[in-house]
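*Asks:* Here it is, the structure, as structure tokens.
The values are calculated or read from the model by the stated rules, or taken from the named source; none is laboratory data. No experiment lies behind these values; they were computed from the predicted model shown. Neighbour counts run over all protein chains shown; Cβ positions are idealised from the backbone, glycine included.
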Amino acid sequence: MSTQEQSAAASTPEGTTHSPDVVVVGAGTAGCYAAATIARDGYDVVVLERKTEDEAGHIACGDALKGADAFPESIPKSHLEPAFTNTGVDHGRFEIPQEDTVLEIPIPGELAVIDRWEYGRRIIDGAENAGADFHYDTVVQNVTQEPDGGPVTGVEAVHKGDPRTYEAEVVIDAAGSLSVLQDHVDFSNSTFDTNVDYSHFCSAYREIVHVEEPVEWSDALVFKPTERAAGYLWYFPRTETEINAGLGFQMTEEPMKLVDDLKYDLENRAEFDGAAVDDKLGAALPTRRPYDSAVHPGYVAIGDAAGHVNPTTGGGIAGAAYAGKYAAEAIIAGLEDGDLGEKALWEYNERVMDHFGARYAALDVYNILSTAVDVDELMGLLAAMPGEKLAEALYSGSTSIGPKLALESLLNSRGHWGTIWNLFQTKRRADDLLELYEHYPDHPAALAHWQQRRDELMEAVYETTGADPKY
Ligand SMILES: Cc1cc2nc3c(=O)[nH]c(=O)nc-3n(C[C@H](O)[C@H](O)[C@H](O)COP(=O)(O)OP(=O)(O)OC[C@H]3O[C@@H](n4cnc5c(N)ncnc54)[C@H](O)[C@@H]3O)c2cc1C
């Protein structure tokens, strides 16, 4: 274990060098939970954040927090709760204009709509209380590494124009979507997943809108398809009169004009007459399967930087928090044993797959399907499906429909039977994939064989859905 002296900064004409045990890049959910967990164990952790202290935690988001009842304990839930501005939300409201239908679908588990910036400040505060140190205004520009794809040894950053070097036992990449760090690491000596393409991401944008009268749907998350299958609009009520309104589209599609398209929809909803907008933010989020492996000697990627987002809902806060915890615990074990190699860190990959990664990989199959089917056809079918079963499918990656429900759905869905058959076949492919992910390898040497079997299943997914290969 290190002492304060070891992390103290040393200044030279080339800049300042810091030497903590662990460097975390990014003060988002993943970074804060990882830092809090490691700091609580007595290790010296520095979190580097490119934003200023005032701006840190201000992150583009729909503000819907699912599963807050079971968040990691390194930052006490009671510390976050003041940011939960609406805990009365219990269902999704799916507006399907093509069918002139609104579906009300229960959402399982605890759900809150939050003041995201306040939550962002509170997780930083929670990690600080646990003992982590935050360096703001610090933009990481490079990763240092031993030659020929050897262990990562630290990062190089710029703090208000001055160069800074951080040397650490391990670097945690919590820098979010399209993390720049991964461009600077030579992963040729590990199985770290480099099969990442911009088309695996969704471009999203949101505004915080204040309305004069309380909205009628303050107990619901409102979803509405955009004109194309690969995008949707959302209206999430932070309070009865403060709404997070946003939209996103998969980057495989023709780019949408996010600001204009949102404006158009807002102008056509009576409840937003006279509304005022006070905050606008946009960002990319991964809508893909989780990385096959997110570890390299001395380096671990977590949260959006490792694809830990539910690819059908875009929800990534819970995955980021848990990835932070699992990575931190593998790192603590590695620091204790003096081994931060790929094999030593592997348990982190296993825990991610076991908790949510397998499920997200199966859900990605439906995402792939949505790029290949006609939006009107899909919406027609959605309108005919039983709501609880849809909710189950959306969150678990799998669902089963009993004979009575199947018959009912079938009668309701005359005219969509071709799509139903397609969906049924796709579900079988998703179930096969889920089963394979349940047997995710327990050491890096077995990954290549597992990937080969997975890729065969993905071939079947493309064949069944008619979609272009995604990976
Ligand atoms: C528009 C939108 C809506 C969303 N809606 C929801 C939702 O309703 N519910 C939900 O659960 N999820 C939602 N998500 C996803 C969710 O926001 C992310 O999954 C989650 O924030 C991931 O956390 P993270 O810690 O991995 O990354 P982030 O929260 O993105 O944090 C990364 C941090 O790293 C910093 N950083 C990046 N590069 C550097 C660098 N080079 N040097 C220093 N610092 C750096 C950034 O400034 C940032 O603070 C949404 C995403 C978007 C874009």
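*Asks:* Are there strands (runs of 3 or more DSSP E) fully within the range 139-194 with at least 1 residues that are touching a Phe, Trp or Tyr at 6+ places or on another chain (Cβ under 8 Å) and surrounded by fewer than 24 Cβ atoms within 10 Å (Cβ to Cβ)? List them.
*Replies:* 152-159
*Asks:* Looking at the structure I just gave you, is Arg288 surrounded by 18 or more Cβ atoms within 10 Å (Cβ to Cβ) and farther than 30 Å from Gly149 by Cβ?
*Replies:* Criteria not met by Arg288.
*Asks:* Of the numbered conditions (1) more than 29 Å from Trp217 (Cβ to Cβ); (2) within 16 Å of the ligand (Cβ to nearest atom); (3) part of a loop (DSSP other than H, G, I, E, B), Tyr43 satisfies every one except a single condition; which is it?
*Replies:* With respect to (1) more than 29 Å from Trp217 (Cβ to Cβ); (2) within 16 Å of the ligand (Cβ to nearest atom); (3) part of a loop (DSSP other than H, G, I, E, B), Tyr43 is out only on (2).
*Asks:* Among the residues of the range 239-247, is there at least one that is within 16 Å of the ligand (Cβ to nearest atom), more than 17 Å from Thr226 (Cβ to Cβ) and of a type in the set (D, E, K, R)?
*Replies:* yes
*Asks:* Any idea how many residues of the range 59-79 are hydrophobic (A, V, I, L, M, F, W, C) and in contact with an Asp or Glu (Cβ under 9 Å, 6 or more places away or on another chain)?
*Replies:* Of the residues in that region, 4 qualify.
*Asks:* Which one of Glu167, Glu207, Glu216 is among the charged types (D, E, K, R) and in contact with a helix residue (DSSP H, G or I) (Cβ under 7 Å, 6 or more places away or on another chain)?
*Replies:* From the options Glu167, Glu207, Glu216, the qualifying one is Glu207.
*Asks:* Is there a residue in the range 144-153 that is within 21 Å of the chain's Cα centre (by Cα) and among the β-branched types (Val, Ile, Thr)?
*Replies:* No, the range 144-153 has no match at all.
*Asks:* Please work out if Ala27 is crowded, with 24+ Cβ neighbours inside 10 Å and either over 14 Å from Ile172 (Cα atoms) or of a type in the set (Gly, Ala, Ser) (or both).
*Replies:* Against the criterion (crowded, with 24+ Cβ neighbours inside 10 Å and either over 14 Å from Ile172 (Cα atoms) or of a type in the set (Gly, Ala, Ser) (or both)), Ala27 qualifies.
*Asks:* Sort through Gly109, Gly92, Gly120 and tell me the only one that's closer than 30 Å to Asp374 by Cβ and within 14 Å of the ligand (Cβ to nearest atom).
*Replies:* After applying the criteria, what remains is Gly92.
A quick yes/no check of all residues on (1) surrounded by 12 or more Cβ atoms within 10 Å (Cβ to Cβ); (2) within 27 Å of the chain's Cα centre (by Cα); (3) within 27 Å of Glu254 (Cβ to Cβ); (4) modelled with pLDDT of 65 or more:
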residue: Thr371; (1), (2), (3), (4): yes, yes, yes, yes
residue: Leu378; (1), (2), (3), (4): yes, yes, yes, yes
residue: Gly397; (1), (2), (3), (4): yes, yes, no, no
residue: Gly402; (1), (2), (3), (4): no, no, no, no
residue: Asp432; (1), (2), (3), (4): yes, yes, no, yes
residue: Glu463; (1), (2), (3), (4): no, no, yes, yes
residue: Pro469; (1), (2), (3), (4): no, yes, yes, yes
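*Asks:* Just to be sure before I move on: is Gly357 within 16 Å of the ligand (Cβ to nearest atom) and in contact with a Lys or Arg (Cβ under 7 Å, 6 or more places away or on another chain) in the structure I sent?
*Replies:* No; evaluated as a whole, the condition is false for this residue.
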